[in-house]
Amino acid sequence: MTTTATMMTTGRHVPVEDRSHLHAVRRAATRAAAEGGLSDRDTAACELAATELATNLIKHARGGHLLVNVLAPADARSPASVQLVAVDDGPGIPDVPGALADGHSTAGSLGVGLGTCRRAAADFDVYSPPGRGTAVLVRVGPPAAIPPVRVGGVLVPHPAETVSGDGWCVARRPSPAGEDLVIGLVDGLGHGPAVAAVAAPALTATAERGTPSAEWLAELVARLRSTRGAAVAVARIAPRERSEMVEFAGVGNIGAWLGAHPLLSRPGVVGAGRRVPPLRQDPAPWSGPDPLVMSTDGIGRYDLARYPAAQHRHPALLAALLWRDARRSHDDATAVVASHAPWRPW
């Protein structure tokens with residue numbers, strides 16, 4: 001059976017308040033496209049979409065944030081993609097389908113922003129409940145199928161840094177019952193370039209093994225043994241006849257919730273010469289619509305009830321909203337969301 005794995009270890013946050021920030025937005029998109037090895041055509045699409053998203057933030061939401069991430073396959077021979085998520089706490093979009101139509105405008109413009117973004121995107125989605133802000137996703141790169149369980153996330157460095165010590169990876173492998181899926185999350189202790197050198201190599205080596213089981217955690221522990229230390233967590237989602245089963249295990253301060261139910265990590269740190277005892281992955285049934293959420297300690301407390309019907313949108317949108325509402329300003333911040341609720345296209 002063939003395993004496919006995608007990882008996220010690089011990210012940028014561009015605050016957008018006025019038109020003077022558009023140059024920084026375009027520069028961030030250009031750099032991400034270069035890091036991902038995008039074609040000239042996709043690079044231009046990435047720059048255009050980033051500019052349109054930022055312009056909408058200025059016109060309609062009194063500013064906001066653009067989160068720029070590179071989604072890289074563990075197999076370096078496969079193409080990468082760039083994920084752009086614009087998030088704000090403005091008034092929301094009363095009529096999303098109407099806003100996606102060219103010519104729709106509430107700010108006296110030509111009204112081509114969201115429509116342009118959707119045409120440029122291999123993956124596009126919007127979450128905008130009235131009065132609660134808006135999150136817009138644009139992913140530029142190769143087309144992607146819509147699997148039974150969708151996974152998305154955002155990764156944002158410490159405000160004073162240009163690189164993150166966090167990283168996450170998802171691997172999929174066909175199984176007789178459907179598809180096994182494993183999500184790994186690493187949070188290096190501290191922040192900055194020295195910490196950033198921890199997560200990416202560990203995740204790359206782990207994903208390259210293509211191990212669709214709890215052996216991921218043992219592999220991460222082995223890869224991190226000689227580092228200064230990290231918190232790690234692994235969740236395995238396995239299909240069953242009428243539902244999925246989630247197995248979770250972690251070490252350190254990584255939060256995980258299956259809907260309203262916490263999934264607990266063992267206290268401690270992986271690496272820095274510490275011994276880690278064998279960890280058991282306790283299974284939990286996953287039959288309801290609530291998402292699985294994993295986050296590093298740069299994300300504080302959150303209440304999923306604040307985001308009605310978000311499980312029907314792309315998971316990266318909910319991850320971005322958790323960052324918007326619960327981020328801590330003194331650390332790298334990463335949120336990863338998995339959802340098996342039916343997707344509702346616009």
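The values are calculated or read from the model by the stated rules, or taken from the named source; none is laboratory data. It should be emphasised that the depicted structure is a prediction, and the values quoted were computed from it without experimental measurement. Quick reminder, even Gly has a Cβ in these numbers, built from the backbone with ideal geometry, and neighbours come from all protein chains shown. Remember, those area values only see protein heavy atoms, side chains included, never the ligands or the DNA or RNA. Shrake-Rupley method; radii C 1.70, N 1.55, O 1.52, S 1.80 Å.
When you scan the stretch 227-236, do you find a residue that is outside any loop (DSSP other than H, G, I, E, B), without any contact (Cβ under 8 Å) to a residue 12 or more places away in the chain and among the small types (Gly, Ala, Ser), even just one? Looking through the stretch 227-236, none of the residues is outside any loop (DSSP other than H, G, I, E, B), without any contact (Cβ under 8 Å) to a residue 12 or more places away in the chain and among the small types (Gly, Ala, Ser). If I ask for residues that are buried (at least 18 other Cβ atoms within 10 Å of the Cβ), modelled with pLDDT under 75, part of a helix (DSSP H, G or I) and not small (Gly, Ala, Ser), which ones from the stretch 195-225 would you list? Result: 206, single match. Those residues that are open to solvent by 80 Å² or more (accessible area, probe 1.4 Å) and part of a loop (DSSP other than H, G, I, E, B), I need them from the stretch 323-342; list them, please. Passing the criteria: 328, 329, 330, 342.
None of 315, 345 is at pLDDT below 95 and under 24 Å from residue 181 (Cα atoms) except 345. What's the number of the only condition in (1) assigned to a loop (DSSP other than H, G, I, E, B); (2) surrounded by 24 or more Cβ atoms within 10 Å (Cβ to Cβ) that residue 147 fails to meet? Residue 147 satisfies all of (1) assigned to a loop (DSSP other than H, G, I, E, B); (2) surrounded by 24 or more Cβ atoms within 10 Å (Cβ to Cβ) except (2). Scanning the stretch 119-144 for residues that are free of Cβ contacts under 8 Å to residues at least 60 places away in the same chain and of a type in the set (Lys, Arg) yields one hit, 119.
With the structure loaded, tell me whether residue 202 is without any contact (Cβ under 8 Å) to a residue 40 or more places away in the chain and touching a Pro at 6+ places or on another chain (Cβ under 9 Å) or whether it fails that test. Judged against the criteria, residue 202 is not a match. Only a single criterion out of (1) over 18 Å from residue 228 (Cα atoms); (2) touching a residue at least 40 places away in the same chain (Cβ under 8 Å); (3) touching a strand residue (DSSP E or B) at 6+ places or on another chain (Cβ under 6 Å); (4) among the aliphatic types (A, V, I, L, M) is not satisfied by residue 260, namely (3). If you take the residues of the stretch 258-288 that are open to solvent by 30 Å² or more (accessible area, probe 1.4 Å) and assigned to a strand (DSSP E or B), which of them is farthest from residue 237 (Cα to Cα)? Checked the stretch 258-288; the qualifying residue farthest from residue 237 (Cα to Cα) is 266. For the stretch 150-171, a residue qualifies if it is open to solvent by 10 Å² or more (accessible area, probe 1.4 Å), in a strand (DSSP E or B) and not charged (D, E, K, R), and the qualifying residues are 151, 170. Flag: residue 33 does not match the condition of being under 22 Å from residue 321 (Cα atoms) and open to solvent by less than 10 Å² (accessible area, probe 1.4 Å).
Which of the residues belonging to the stretch 6-44 are of a type in the set (Gly, Ala, Ser) and under 26 Å from residue 192 (Cβ atoms)? Residues satisfying the conditions are 11, 24, 28, 29, 32, 33, 34, 36, 37. The requirement of being under 18 Å from the mean Cα position of the chain (by Cα), without any contact (Cβ under 8 Å) to a residue 60 or more places away in the chain, open to solvent by 20 Å² or more (accessible area, probe 1.4 Å) and under 21 Å from residue 200 (Cβ atoms) is fulfilled nowhere in the stretch 55-72; no residue meets it.
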